[in-house]
Amino acid sequence: MEEFEEFEYQPKSVKEIFIEMKNIVELMVDLAYTAILFGDKEIAEEVLDLEERMDLLNYHLMTHAVLAARNPKEAEQITSVLQMANSIEDISNAAGDLAKMVLEGVALHPVITEAIMESEEVITKIVVFSDSILVGKTLGELDLATNTGVWVIAVKRGKRWIFAPDKEFKIKPNDVLIGRGTHTSVEHLKEIARGIIRVIGDERT
C-alpha cells in the first residue's frame, strides 16, 4: 500500500478537502462494484489506496475545522461539515469492505453478480498507448462522452489521481482513464486507446 506522503496532496481549505472527499467516494463506489463484477484484484487494490487517501483527507478536514471555529456560530457550522464528512467516510469504508472481499477471494452468490449486471453502465480502466490518437489531445477536443459514449470520471497518471478532469485536460501516454459507459462503448474506447481504431466520431486520422 502507498504511504500518505506519496499522494502529493496539499489541502488549502475545508471546501476543497470536502469536494475531493465527495469525488473520491463516488469513484470508490463505482470501482468497488466493478472489482466485484470482474473479480479484478488490481481495481480492488486501487479502492483500498483511495480509502487510505480518504483517511488522510478526513484528518486534514478535522484539523482545518478545529482551527476555523473561532466562535460558537462557526463551531456549529463546522459540526455539520464534520458530520457529513463522517458519513462520506462510512461509505468509503463500505466500498473498502467490498474491495477486500475481492482480494480475499470471497465467493459471491450468483444473485449479486446478476444484480450488478443489470446495470446498463460499467466502470472500467482504459490504458492509453503511446500511438493512440488520444495522446496529446484535450478532453474538450475529443469530446469522448459524445463521440464514444464514455464519460471519463478520473485519470490515474503514475501515482497521481485526477478527479473529474475538465475539458482542458490533455491526455498523455500511459494515462489510465477511468471511464463510465455501456459495455460496447467502453470496449470501443479501449481499442481507440490501444491504437487499433483511429477514428473518433466523424474524425479520421
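Okay, here's what the table says:
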| read-out | value |
| --- | --- |
| First in segment 107-124 and modelled with pLDDT under 80, second anywhere and in a helix (DSSP H, G or I) and open to solvent by 80 Å² or more (accessible area, probe 1.4 Å), Cβ under 9 Å, 6 or more apart | Ile116/Tyr33; Ser119/Tyr33 |
| Looking only at segment 134-157, and only at residues there that are part of a strand (DSSP E or B) and out of contact with any helix residue (DSSP H, G or I) (no Cβ under 8 Å at 6 or more places or on another chain), the one that is surrounded by the most Cβ atoms within 10 Å (Cβ to Cβ) | Val155 |
| Hey, Ile24 modelled with pLDDT of 85 or more and under 16 Å from Met84 (Cβ atoms) or not | yes |
| Per-region count, segment 166-185, residues of a type outside the set (S, T, N, Q) and more than 13 Å from Val128 (Cα to Cα) | 7 |
| Test set (1) open to solvent by 60 Å² or more (accessible area, probe 1.4 Å); (2) over 13 Å from Met21 (Cβ atoms); (3) in contact with a helix residue (DSSP H, G or I) (Cβ under 9 Å, 6 or more places away or on another chain) - Asn86 fails condition number | (2) |
| Matching entry among Glu187, Glu168 (being touching a strand residue (DSSP E or B) at 6+ places or on another chain (Cβ under 9 Å), free of Cβ contacts under 8 Å to residues at least 60 places away in the same chain and either exposed (fewer than 12 other Cβ atoms within 10 Å of the Cβ) or in a loop (DSSP other than H, G, I, E, B) (or both)) | Glu168 |
| Filter result for Asp131 (open to solvent by 30 Å² or more (accessible area, probe 1.4 Å), assigned to a helix (DSSP H, G or I) and among the charged types (D, E, K, R)) | no |
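The values are calculated or read from the model by the stated rules, or taken from the named source; none is laboratory data. As the structure is a prediction and not an experimental result, all values here were calculated from the model. Counting neighbours? That spans all protein chains shown, and the Cβs are built from the backbone with ideal geometry, glycine included. Heavy atoms of the whole protein, side chains included, go into the accessibility calculation; ligands, DNA and RNA do not. Shrake-Rupley method; radii C 1.70, N 1.55, O 1.52, S 1.80 Å.
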